[in-house]
Amino acid sequence: MLFNVRQVFKTLNKSHFVSNLGLGLFFALSGVTAQAETIIALDNIVAVVNEDVITQLELKSEFRKVVKNLKQKQAKLPPANVLSKQVLDRMILERIQLDLANRTGIKVDDTTLSRAINSIAAQNGMSLNQFREGLATQGVDFRSFRDEVKTQIILKRLIKRNVVNQIKVSDQEIENFLFNVNKQGGIEQSYHLKHILIATPEGASPAIIKKTSAEAMEIVKELKSGKDFSSVALAVSDGQNALEGGDLGWRKAGEIPTLFTDTVRTLNIGGISDPIRSPSGFHIITIIDKKGAQSHMITQTHARHILIKPSIINDNEQVIQRLNQIRKRIINGEDFATMAKAHSEDTSSATRGGDLGWFKPGTMVPQFEKAMETLQTGDISDVIQTSFGYHIIEVLGRRSHDDADELIKERTRQVLSNRKVTEQTDAFYRKIRDEAFIEIRLDNN
């Protein structure tokens, strides 16, 4: 899909689509089928996708948007017929997804759609009216924009249902990942990659695989001789990022598809990989840039507390009064730890004198952290309320800490999930495309 809702001032107009089959049936029932066929012929069909069609007007409209976007990026444009094929391929995949979403009951209600558009306006620092005016000054019809946002939400929900929700990551996978990724410089090592895919159909014969492999090797030779990677990707790649010149953007080591990890580890900046075989076809990658891991400094707090919970016997007022008395005794010299062991109802910390140990921001509930942030070392808070009950808190110390290792562990499961989503989304696209009825008539128009 070409449109990114964050890039809200790109041209979004899309010509109105009417199903030729539905229109033909209407005129047939009216007894003027011949006239209908004449009208339909004025807007030639360039592709049939299941029971839907893509017309020449629609393709031209999308083509103009892509060209405008590429020119803004100062990308070298491939020949018009080559770019048209890339644009049409992306439109076909979108139609297949929308058809599947419709058949499986994925819908977007008006409330959700309005909330999404209001959010986009807010992200651009505008009210909804200002946002509409801004679109109008760019020649963008608000209704077309609204339809495009709706499409994006539907496609996102389709992937969530069919891919994201199916992802599972085991503890063993996490252990293996952490072991292997350290050989690449760690999870925080990042790479800016570009990619070309020369696709093979599912169940391709050995002859087709051999021919495609030879094509991929020829492309590698051209790239190594100095041909611009982005221009070649625009012209020949079957990958989802072809219209972006094959640009995959910055990806952390752990987010790179497993298929590419060994190659990325050994490839220098600017280097061109040999073709990498997968069920999708042959992949060629290059590294535009890379950067190493960075430290992640945070301020940790060491604190202890006494918790008392309201009950049928002790209501809120009584609990607050009791804690104030305990606080006064501590301020007057009695030992906090002794009082915590005697009175705190947080059984996990009471045996340690209320000690919560060292913890980082975001560990405690917001009310607890807000009160704690106002305290200096050695201070004891007033009585505060959280969802757990009533507390008094003492800050024992603060320190700067490099949280990189802990952060890596926290991110590992998410990184593995993201990697699986990327890989399985590509497989999902390939599957639904193979199962769809597609007739391309572009060369005939």
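A short reminder: the numbers here are calculations on the coordinates, not readings from a lab. Here the structure is a predicted model, which is why all the values come from computation and not from measurement. Ideal geometry is used to build each Cβ from the backbone, glycine not excepted, and the neighbour counts take in all protein chains shown.
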Quick one: 285, 198, fewest Cβ neighbours within 10 Å first, how do they rank? 198, 285
Counting only C-alpha contacts under 8 Å and six or more residues apart, can you give the relative contact order of the stretch 297-402 as a whole percent? 44 percent
Distance from a point 7 Å along Cα→Cβ of residue 410 to each backbone N in the stretch 360-385: keep the residues under 11 Å and list them by number. 360-364
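Quick check on my link table: of 328/360; 71/291; 210/420; 107/160, which ones sit more than 23 Å apart, alpha carbon to alpha carbon?
Values: 328/360 28 Å; 71/291 29 Å; 210/420 28 Å; 107/160 13 Å.
Pairs exceeding 23 Å: 328/360; 71/291; 210/420.
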For 372, 297, which order do you get if you count the other beta carbons within 10 Å of each Cβ and list the fewest first? 297, 372
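Decide, for the stretch 297-402, between rounded, prolate and oblate: order the square roots of the alpha carbon gyration tensor eigenvalues as a ≥ b ≥ c, take rounded if a/c falls under 1.5, and otherwise choose prolate if a/b is larger than b/c, else oblate.
Working: a/c = 1.86, a/b = 1.54, b/c = 1.21.
In terms of gyration-tensor shape, prolate.
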Among the aspartates and glutamates, select those whose C-alpha is under 15 Å from the C-alpha of residue 68, and discard any that sit fewer than 8 residues away in the same chain. 244
Restricting to Cα pairs under 8 Å and 6 or more apart, the percent relative contact order of the stretch 203-303 works out to 23 percent
What residues from the stretch 250-268 fall in the zone where the backbone N is under 17 Å from a label point 7 Å along the Cα-to-C-beta line of residue 224? 263-264, 266-268
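Rounded, prolate or oblate for the stretch 60-197? Axes are the square roots of the Cα gyration tensor eigenvalues, ordered a ≥ b ≥ c, and the cut-off for rounded is a/c under 1.5. If you can, show how the numbers build up before the last one.
Numbers: a/c = 1.68, a/b = 1.36, b/c = 1.23.
Prolate, because a/c is 1.5 or more and a/b exceeds b/c.
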Quantify how much of the Cα-Cα distance distribution of the stretch 163-277 extends past 18 Å, in percent. 59 percent
